[in-house]
Amino acid sequence: MSLTAVILSLLLSPLLLSVINRSKALLAGRRGAPMLQPYFDLVRLLKKGVVYSNVSAGLVQLAPVCNLAALMLCTLLVPLGPLPALIHFQGDFILLAYLMGLGRFVTMLGALDTGSSFEGMGASREAFFAALAEPAFFLAMAGLAKMTGSQSLTGMLQTISMDHWQHNAPSLLLILVALFLVFLAENARIPVDDPTTHLELTMIHEVMILDHSGPDLAMIEYGVALKIWLMAAIAASILVPSGTNPLWLALFLVLMAVIGVLVGLVESSMARLRLIRVPQLLIGAGVFAGLALFLEFVQ
Amino acid sequence: MSPLLWLIFLPLAGGLIAVIDGRSRTRSALWAQAGLFGCLVAACRPVFFVLSTGTPLVLHLPWSMAEGNFQLMLDPLSAFFLLPVVILGPLFALYGAPYMRHYSDGGYRHGVHWFFYNLLAVGMILVLLARNGLLFMLAWEVMSLAPFFLVLFHDREKKARFAAWVYLVAGHLGGVLLLLFFLLLGTSGHSLDFSTFQPLSLSPAFRHLLFGLAFVGFGVKAGILPVHVWLPEAHPAAPSHVSAYMSGVMIKMGIYGILRAVLLLGGPVYSWGMILVVTGVVSGILGVLFALAQHDLKRLLAYHSVENIGIILLGLGVGMIGISQGRPLVAVFGLAGGLLHVLNHSLFKGMLFLGAGSIQHQCATLEIDELGGLKRRMPKTAFCFLVGSAAICGLPPLNGFISEFLIYSGAVHGQTILSAATVWPLLLTLAGLALIGGLAAACFVKAYGIIFLGSPRSSHAEDAGETGASMYLPMGLLAVACIGIGLAAPLFLQLVRKPVGVFLPTFVTLLPFADAAYQLRIISLVGAGVILLGLGFALLRALLLRNRPIRREATWGCGYQYPNAARMQYTASSFARPITLFFDAILRSRVTGNVPEGLVPTRIGVETDTPDPLTRFCFTPLFVGISGFLGLLRWMQHGRVQLYILYIVTTLFLLLAALAEGWL
């Protein structure tokens, strides 16, 4: 039942956002929005009309559909713990990274389409940080490939067993840290970007989508949920033992929630970094992944 | 007449008639096009035959010159590199004819221009066919000299004269190394015919030296860092169809040369692959960084050629490492990726240069910060440019991703099976390619976003309109090719099957090619899925919005009253600034103007400018030093003919005396 993974991703991804928000709310002593709030938001946005900038030349319309199409196809490539991905082949993580890259490319163009200097600012930052995050992601994947001998996401993530944790624990931990940092950067979370900030000048992702509205914004928000879900799923799948035991699926879902709480903890306990510090964080992620590879080769 | 001779004869004849009939601007262009289209037709059968069967076509003619025969051969490697030469030559000429209409006053010599354009094609074809060292060098000279005159088309501009000069010097310094390479390699056999070379009789150290000569010599033409300095000068100065032909096709002859040299030297060894990977990473990363810092669109594109040559080198380097380590899968993926990227880059880079030409034609400037809002004014050009931009960033579902995927995949596979001592170039490839991809995306978001989106930043852009069909149709064809290769990748993989077979026995390439075809089939399907799903969402949105208000409002400006003022938009320089600032140790941008200071800054205006650091800090001091040193000898040169004759007579006398004394 390989379609299960796709359906689960499509259905549950907004829930991860509410786990993050709820944990942030609880840590701040608030009750927080209902768990289904992201779904309500999507429905509400889908029911609205739209406003386009009168400078726009059409990329504002292209960006949400193209971005969502790319991210939806990513759900075909990512396994969820014990559930294999619908499509897996040698090198599929390269396609995954570049599909996400396509989504980012059109989103940045959509931002520039409005001629707003704030959105240009956001696109510029997004472009820079993404470029620095890519090598870290690829080195982390190379580390997993070296460890497992497979080069597909499903192959890599489902081969990792207790055996690997016994022999390669330092490498695996380093890879997890690298992936978590890339995850925070790519999904515009603290300490790289603050999704709840009020000031356009300091935003990255949020400012790029300032001029999107209605169904367009719904598509973008759903894309955000899919992306954070998929990248969290890669990290969680590393921790889930291989095998088709249904218990592992439950463990996987628990781990996803743990990642959500972890993000909430990070966001509640620290402020975002100054923008000139962010490159250091991402290069640090690359160094962690490189170190993991180094450890594997000297073993 | 042999089909191979037709390939040379037809474009040459077209060029000659063009110069004879040079008075008429339109007719000379037509003659040149006719010659190139004739060449395309003549090339179809032999190229298809060689690429499908792998059997080379050979032509031997007696030659009265010393050192061997007039030998031509079309083997799969030559045939593959011939593809862009014969297909894009006529296509760019088709674009060039209306482009050149702009330069119609009497000072411009169109016949001569088209003659040299066709001569460039002839030179490249002959370089690919030649199988004799002397013939190869002759062809190489023809190919190197023709662009000099093409760049000089705008010879009333100082910039063009300087660019042509830099190009000439660079090309010939490279040529000297190549001449040495062939002469030294010729000592292994008894002639300069390629077939008589016996590389394996040479000592390994000598072969390394020969490879070094060929790599640097061909590298100058290919535009590998640090010998790339002619590219950012020559490409912007030339007319756009010429830049497209040079950047898309001619620099690939350098890549062909490196591959041919490796074959002539008896196949790759590990250290050569390593050198290719290291120079590839350096060219790729620095190329894209320099590109990010540019304000002139054509200069930006020229630096992206350096970057893409780097990617090609990465692929070929991975392939050579695979061959030398006996790993067919790594070898096939690397070589196939590198070769396909040659073809892909010629398509999208050619198209982007044509797009730059159209912008120059309609807006009379290529200064990115003077443009803006062109998508509304030139929608067809904008669409093609968008496809090209996405393709050059290696994004699916376009062709750039196909070749980059193969390179990545080869490197990832290789790093799981190679030993710890030999694996580092592959890891470097992985990390380097990822960084290059991310930075390239930044650069093309900047280029496309600032030029085509937003509001116009000057009256040039404000008043621009779409070009004629004869200028956007060639671009459209190239855009279709970029999409087509992305969606039918396994089919186009077949093109490189035989060329890769030149390096490896066929039976070991079968399995890797089957693997690659399988992976590419899925990628093409996913690519088609992206397009279909995107269309589906667009349809869904249209349905949802059917009876709802769609309003046009001013862009959100955080409450500022005039948010749409063109001057308030982000500029190309500001977009790239975080990156260029981060890498300032390498780029050394010059910042001039009034940087805001104090609590209430008054006059503010900042300009940044990034001349090529290598030219600035390395080559200019070097050549100034050389010219200063040679200036010391200037006392011998004062323009009096009598004294010059005295020099000649003295030299002759000394030589005769030396001969008589038996010193020589």
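The values are calculated or read from the model by the stated rules, or taken from the named source; none is laboratory data. Predicted model only: the values in this text are computed from it and were never measured. Please note: Cβ atoms are built from the backbone with ideal geometry, for glycine as well, and neighbour counts cover all protein chains shown. Keep in mind that these areas ignore ligands, DNA and RNA; they rest on the heavy atoms of the full protein, side chains included. Shrake-Rupley method; radii C 1.70, N 1.55, O 1.52, S 1.80 Å.
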Have a look at B:Y117, B:A554, B:F37 and report the one farthest towards the positive end of the charge dipole of the protein assembly as shown, computed about the Cα centre with Cβ charges (Lys/Arg +1, Asp/Glu -1).
B:A554
Among rounded, prolate and oblate, which fits the range B:326-427 when a ≥ b ≥ c are the square roots of the eigenvalues of its C-alpha gyration tensor, a/c under 1.5 means rounded, and a/b larger than b/c means prolate?
prolate
Would you tell me the mean number of C-beta atoms belonging to other protein chains that fall within 10 Å of each C-beta in B:388-400, as a whole number?
3
P(r) tail for the protein assembly as shown, what percent of Cα pairs lie past 38 Å?
47 percent
Using the Kirkwood formula over every pair of different C-alpha atoms, what hydrodynamic radius in Å results for the range B:619-661?
12.6 Å
Set A:K24/A:K146; B:K158/B:K298; A:K47/A:K227; B:K349/B:K380; A:K48/A:K227; A:K227/B:K298 screened for pairs whose C-alpha atoms are more than 26 Å apart:
A:K24/A:K146; A:K227/B:K298
What percent of all Cα-Cα pairs in the range B:156-287 falls into each 5 Å bin, going from 0 up to the bin containing the maximum distance?
2, 10, 18, 21, 17, 13, 9, 6, 3, 1, 0
Once phi is turned into ³J(HN,Hα) by the Karplus curve 6.51 cos²θ - 1.76 cosθ + 1.60 with θ = phi - 60°, what whole-Hz value does each residue of the range B:150-167 show in order, with x for glycine and proline?
5, 5, 6, 3, 8, 6, 7, 9, 4, 4, 5, 5, 4, 4, 4, 5, 4, 4
Can you tell me the order of B:393-405, B:134-146 when each peptide is scored by its average per-residue count of other Cβ atoms within 10 angstrom, highest first?
B:393-405, B:134-146
Rg/Rh for chain B to two decimals, with Rh computed the Kirkwood way over all alpha-carbon pairs.
0.99
How would the range B:493-573 be classified by its alpha-carbon gyration tensor: rounded, prolate or oblate, with rounded meaning a/c under 1.5 and the a/b versus b/c comparison settling the rest?
oblate
Quote the charge dipole size of chain B about the Cα centre in Debye, to the nearest 20; the model charges only the Cβ of Lys and Arg (+1) and of Asp and Glu (-1).
1180 debye
For the range B:274-395, what is the largest minus smallest coordinate of the Cα atoms on each principal axis, given in angstrom and ordered from greatest to least?
55, 25, 18
Shielding by partners for A:279-287, please: the mean number of other protein chain Cβ atoms within 10 Å of each residue's Cβ.
1
Using the Karplus equation 6.51 cos²θ - 1.76 cosθ + 1.60 (θ = phi - 60°), what ³J(HN,Hα) coupling, rounded to whole Hz, does each residue of the range A:68-78 give in order, writing x for Gly and Pro?
5, 4, 4, 5, 5, 5, 4, 5, 6, 9, 9
At 4 °C and 1.567 mPa s, the Stokes-Einstein diffusion coefficient in µm²/s for chain A, with hydrodynamic radius from the Kirkwood sum on alpha carbon pairs, is 66 µm²/s
I need the peptides B:651-657, B:618-624, B:220-226 ranked by packing, meaning the mean over residues of other C-beta atoms within 10 angstrom, with the highest value on top.
B:220-226, B:618-624, B:651-657
Note down the accessible area of B:F153, probe 1.4 Å, to the nearest 10 Å².
20 Å²
Inter-chain shielding of A:60-70 (mean C-beta neighbours from other protein chains, 10 Å cut-off):
5
Considering every pair of different Cα atoms, what Kirkwood radius, in Å, is found for the range A:101-251?
17.0 Å
Taking amide H positions as placed 1.01 Å from N in the peptide plane, with prolines and chain starts having none, which residues 5 or more places from A:A57, or on another chain, fall under 5 Å of its amide H?
B:G454
Along the range B:80-93, what does the Karplus equation 6.51 cos²θ - 1.76 cosθ + 1.60 (θ = phi - 60°) give for ³J(HN,Hα), rounded to whole Hz, x for Gly and Pro?
5, 6, 5, 3, x, 4, 7, 7, 7, x, x, 5, 5, 5
Residues whose modelled amide H sits under 5 Å from the amide H of B:F70, counting only those 5 or more places away in sequence or on another chain, are B:L61, B:W63
Please list the equivalent ellipsoid semi-axes of the range B:293-542, computed as the square roots of five times the alpha-carbon gyration tensor eigenvalues, in descending order and whole angstrom.
36, 19, 15
Protection proxy ranking, peptides B:205-213, B:300-308, B:487-495, average beta carbon neighbours within 10 Å, highest first:
B:300-308, B:487-495, B:205-213
Under 8 Å for C-alpha pairs, at least 6 residues apart: give me the relative contact order for chain B, rounded to a whole percent.
12 percent
